[in-house]
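The values are calculated or read from the model by the stated rules, or taken from the named source; none is laboratory data. Note that the structure is predicted; figures quoted are calculated from it, not measured. Note: ideal-geometry Cβ built from the backbone for every residue, glycine included; neighbour counts use all protein chains shown. Note: areas computed on protein heavy atoms with side chains; ligands, DNA, RNA excluded. Shrake-Rupley method; radii C 1.70, N 1.55, O 1.52, S 1.80 Å.
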Amino acid sequence: MTSSRQHLANAIRALTMDAVQQAKSGHPGAPMGMADIAEVLWNDHLKHNPQNPNWTDRDRFVLSNGHGSMLIYSLLHLSGYDLPIDELKRFRQLNSKTPGHPEYGYTVGVETTTGPLGAGISNAVGMAIAEKTLAAHFNRPNFDVVDHYTYCFLGDGCLMEGISHEVCSLAGTLGLGKLVAFWDDNGISIDGEVEGWFTDNTPARFEAYGWHVISDVDGHDPIAINRAIVQAKEVADKPTMICCKTTIGFGSPNKSGSHDCHGAPLGDEEISAAREFLNWPHAPFEIPQDVYNGWDANSKGETAESAWSNLFSAYQENHPELAREFKRRVIEQQLPESFQQKADQYINLCQQQGQNIASRKASQYSIEVYGSLLPELLGGSADLAGSNLTLWSGSKGISADDADGNYLFYGVREFGMSGIMNGLSLHGGFINYGGTFLMFMEYARNAVRMSALMGIQNVFVYTHDSIGQGEDGPTHQPIEQIANLRMTPNLTTWRPCDAVESAVAWKASIQKQDGPSALIFSRQNLPHQNRDNSQVKAIEKGGYILVDCTGTPDAILIATGSEVGIAVDAAEALTTQGKKIRVVSMPSTTIFDQQSVAYQESILPAAVISVVAIETAHADFWHKYVGRNGEIIAMRSFGESAPGGELLNHFGFTTENIIKTTLNTIKRNSSL
């Protein structure tokens, strides 16, 4: 190991020790162990420009073992990003740019939020799919305007998590030749030496996936590391796993190679000993100028981006239409100017046609229309396309041999699909959606939450939304899932009642760029609802008056999705009995709650205390709308196995029960 390279790597180790010690918490082991690998990758291979962290054709770097966050913070600071040393001194402190785990949007240069182990490698697979697909869409002979790698560091914990199997299996199938992963094979996790619980033959595992595997690389030998990266780049039709044998906490004389340095500060005495061992005599957070000079990536980055800009200028001259589309989709990430108008025309057409269809079918019709308007719409399904109806006439599968498509067959990989979707979104160039049954959102919950946490655009399509799906029974019948989604910050949840609301939900999700959307659709047919133009427009407010009465209502019925139709039927029957009834359709409680107090009051006036909410989901969510004097017709148990219609009757989702409940509520409240 040359002393100069080791000195550069030791800067990472020193910053890591100092920051973790000052914060009195953190994980020094992984950054110290992977410092040599990072130094070779970032100084000799990574294509990036610290002056323009969002340059379109930069390489992507993902730290999947995100607990080692001081590694990426050190790399960003040293190579010239806008991350000053004072921010490293504030590691893990409130409002710092160096949170405990890397967070997208907090720190310039961080490509994704990592921390839940395995999430990062799933995002990296998504980024590599995006690169391969965009290259197939836009590259032309002599004009490779999309040409970059995705590099991912991951540890034993990532490989133990099941999501790594889901996504790495698919990565091999898709032949993602520009994905290069580095396994930090240090044999340690928080509980100690992993040989007691992790004895997989990892190289053989990845060879079975169809990866190019480079085994037994000394993770502290820059020559061996560089040789492995060069070999990885020579294989264009397979992703590469570089298996790096490292010592966790390298440089710590008494704690390296042990779980003692995994997740706790080294302590002042050990840091002093490590400084002596590493020949690093500098004070805490002090970096010599020659080290900064050795790391500085500004000049190389500007040169690389300038070369790409010249290439793109020539591309514009030779392929002007493709260049305009590339700028719109990839650089500016803007919808076509005509989208709003054409989407509204389609919504109005749905209202005119008045189809009585399942909302999953209405969703497919929406995809058909919007897909024809948006070449960036990239779909997929976790092996249930024939049921969740995510395919449309223009769908073309993406494969290893032909990436010029717009649809991913994810297989039975709900968690992997959702993590990959996050990577696709983070990369840019696509509006992507992925479908499964609502019940199986549970497999993917963490990735959905991460999407909301990062504030990135995804459209999660969930069908078979209730006990109404019937015979498959309670294992497949969601109860608490809708409430779970609605309570997730920055996630917009829609449950439409017919084709019109479905079209509005899709439009809103396509236009929402600062967070994900969950679209929840029925298996069974739903009746079309009559509306005037103002009501159609009001759907986008999340909740609106679908049926109204003259004067102050005696009662208000709130419903979503498949329950709107029976609420309307009940209102008609109650009206014949002389009751004044309002029906509120609330396809998105998320959006409704964001409306002004005045609007909410106009829909649900506080003076009306007889409010009945109807939904085939968990009852507890609705208390904030009905208050103490209202009633909720909803689920308080798991479902059963029976035909859907029988189950709806059994659990009280009938016109008769709504009428009875409403009358009882009005009577009870009349004495108040």
Those residues of the stretch 585-599 which are hydroxyl-bearing (Ser, Thr, Tyr), under 25 Å from Ala452 (Cα atoms) and surrounded by fewer than 20 Cβ atoms within 10 Å (Cβ to Cβ) amount to Ser596
Taking first residues from the stretch 232-255 that are without any contact (Cβ under 8 Å) to a residue 60 or more places away in the chain and second residues anywhere that are open to solvent by 10 Å² or more (accessible area, probe 1.4 Å) and aromatic (Phe, Trp, Tyr), the pairs with Cβ under 8 Å that are 6 or more apart or on different chains are Pro253/Phe277
Within the stretch 611-640, of all residues that are touching a Pro at 6+ places or on another chain (Cβ under 8 Å) and surrounded by fewer than 21 Cβ atoms within 10 Å (Cβ to Cβ), the one nearest to Leu485 (Cα to Cα) is Phe638
Considering the stretch 558-584, residues that are of a type in the set (Gly, Ala, Ser) and surrounded by fewer than 18 Cβ atoms within 10 Å (Cβ to Cβ), and then whichever is nearest to His464 (Cα to Cα), we arrive at Ala573
Checked against (1) over 17 Å from Ala571 (Cβ atoms); (2) open to solvent by 30 Å² or more (accessible area, probe 1.4 Å), Glu656 satisfies every condition except (1)
Of the conditions (1) in a loop (DSSP other than H, G, I, E, B); (2) more than 25 Å from Ala236 (Cα to Cα), the single one that Glu87 does not satisfy is (1)
With the first residue restricted to the stretch 275-295 and required to be without any contact (Cβ under 8 Å) to a residue 12 or more places away in the chain, and the second required to be surrounded by 13 or more Cβ atoms within 10 Å (Cβ to Cβ) and part of a loop (DSSP other than H, G, I, E, B), Cβ contacts under 7 Å at 6 or more apart or on different chains are Pro288/His282
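When only residues in the stretch 1-46 that are polar (S, T, N, Q) and outside any helix (DSSP H, G or I) count, which is surrounded by the most Cβ atoms within 10 Å (Cβ to Cβ)? Before you say what the answer is, go through the steps one by one.
Initial filter on the stretch 1-46 (polar (S, T, N, Q)): 2-4, 6, 10, 16, 21-22, 25, 43.
Applying the additional criterion that residues be outside any helix (DSSP H, G or I) yields 2, 25.
On the way: Thr2: 9, Ser25: 13.
Once the filter is applied, the top-ranked residue is Ser25.
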Tyr106 vs (1) surrounded by fewer than 22 Cβ atoms within 10 Å (Cβ to Cβ); (2) assigned to a helix (DSSP H, G or I); (3) of a type outside the set (D, E, K, R): all pass except (2)
When the stretch 289-315 is checked residue by residue, the ones that are part of a helix (DSSP H, G or I) and open to solvent by 70 Å² or more (accessible area, probe 1.4 Å) are Gln289, Asp290, Asn293, Ser299, Lys300, Glu302, Thr303, Asn310
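Report, by residue number, each residue of the stretch 267-311 that is among the β-branched types (Val, Ile, Thr) and either more than 23 Å from Lys89 (Cβ to Cβ) or modelled with pLDDT under 95 (or both).
Thr303
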Subset of the stretch 137-190, residues in contact with a Pro (Cβ under 7 Å, 6 or more places away or on another chain), surrounded by 24 or more Cβ atoms within 10 Å (Cβ to Cβ) and in a helix (DSSP H, G or I), comes to Ala171
Among residues of the stretch 249-288 being assigned to a loop (DSSP other than H, G, I, E, B) and of a type in the set (D, E, K, R), the residue surrounded by the most Cβ atoms within 10 Å (Cβ to Cβ) is Lys255
Considering only helices (runs of 4 or more DSSP H) wholly within the stretch 562-624, the ones with at least 3 residues that are modelled with pLDDT of 95 or more and of a type in the set (Asp, Glu) are 563-576
Within the stretch 641-652, of all residues that are open to solvent by less than 50 Å² (accessible area, probe 1.4 Å) and not in a loop (DSSP other than H, G, I, E, B), the one nearest to Ala567 (Cα to Cα) is Leu648
All-but-one check, Val608 against (1) touching a Pro at 6+ places or on another chain (Cβ under 9 Å); (2) crowded, with 20+ Cβ neighbours inside 10 Å, failing number (2)
Is there a residue in the stretch 37-44 that is more than 21 Å from Ile242 (Cα to Cα) and touching a residue at least 12 places away in the same chain (Cβ under 8 Å)? no
